[in-house]
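Only one structure is covered here, and it is reproduced in the block below.
All of the numbers you see were taken from the coordinates with simple rules; none came from a lab. Small disclaimer: the values here were computed from a predicted structure and weren't measured. Here Cβ is always computed from backbone atoms with ideal geometry, including for glycine, and neighbour counts include all displayed protein chains.
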Amino acid sequence: MKTKTWGLLILLGGVLFAHGPAWGAACINEQTVSQFIAVGSCESGDKRYIANASEISPSLGSSIVNWVVSGPNNTVTVLLDSSIISAVGTYVFDYDITILNPLNVFASVRLDSTCTSAPCSVVKLEEDAKFAPLTSTNGGAPSTLTPGGFTSFRIEDTATIPTTSSTLTSFSNSFTQQLASPVPEPSTFLMLGIGLAALGVLRRSRLRSR
C-alpha cells in the first residue's frame, strides 16, 4: 500500500503543478543582465531565478543571458554571453535558482566556459555550501558534480580575466533534476493488483468452504 500511496501522491502533485496558476513572469532569452536585474526574478519551465543585484558586477550589465531547457531530465542551462567583457578584472554573476515543482530535486550541477585566448577562469560557488566549488580554467573541460536532494541553490559565478590578451566569450551553469522519490514501475502496480485479487479469491473460497 505504501508503493501505491507514493504513486498516487506523485500523480496528484504532477496534475496540480501542470494545471496550477502561473508562477510569475517568464524568463526572456537574449535579455541583458541589466534587464534581469530590473525584473528581479523570472520563471522558465519549473525553475525560478532571482537576481542578487547587489552582488552582480555592474560591468556585466550589457552581457546577454539565455535560459535553455532541454533533455528528458529537464536540464536547464543558464548561459551568460560575456564576449563584450575583455578588460582585466573579476566579474561576478550572482543569482538564486529554485525548483518550483515539489516532486523534483536537483540531481547534478555543471560549469562550462569558453575562452578565446588563455588565460581566463570561472569559479562557481554555492553560497550556502550545498556543493563544492567548481572551476573551469582556460575554457577547458567542464566541471560536474552531484549535490543530491536540494531544491534551491544560490549561485555565485566569478570570472577572472588576468591579462589584456584574454577574453572570456561565455560561461554557463547547467542543472539536471530527478524525482524526489523514485516512481514505481508500472509492473509494480500490476503485481500489486494481482496480489490483491488473489487474496480476495482466496478469502472468498475459504468463506464458502465453511
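Can you order the peptides 139-147, 43-51 by their average number of other Cβ atoms within 10 Å per residue, highest first?
Listed from highest to lowest mean packing, they are 43-51, 139-147.
According to a simple spin-label model (label point 7 Å from Cα along Cα-to-Cβ), what is the distance in nm between S41 and T116?
Going by the 7 Å Cα→Cβ label model, 3.7 nm.
Once fully extended, how much extra length lies between S165 and N138, figured as 0.36 nm per residue of separation less the alpha-carbon to alpha-carbon distance?
Computed gain between S165 and N138 is 8.5 nm.
Would you mind ranking D96, D112, D128 so that the residue whose beta carbon has the fewest other beta carbons within 10 Å leads the list?
D128, D96, D112
Checking the a/c ratio against 1.5 first, then a/b against b/c, what shape does the Cα gyration tensor give for the range 45-143?
Details: a/c = 1.76, a/b = 1.51, b/c = 1.17.
Prolate is the answer for the range 45-143, as a/c is 1.5 or above and a/b outweighs b/c.
For the range 93-164, what does the alpha-carbon gyration tensor say about shape, rounded, prolate or oblate, given a ≥ b ≥ c as the root eigenvalues, a/c under 1.5 as rounded, and a/b over b/c as prolate? List each step's numbers first, then the result.
On the way: a/c = 2.85, a/b = 2.24, b/c = 1.27.
Cα axes put the range 93-164 in the prolate bin.
Lys and Arg at +1, Asp and Glu at -1: add these up for the other residues within a Cβ distance under 14 Å of R110 and post the number.
Net of charged neighbours comes to -2.
L145: net charge of surrounding residues, Cβ under 13 Å, Lys/Arg +1, Asp/Glu -1, itself excluded?
That works out to +2.
Mind giving me the nanometre distance, one decimal, between the label points for V92 and S59, set 7 Å out from Cα along Cα→Cβ?
If labels sit at V92 and S59, their model points lie 1.4 nm apart.
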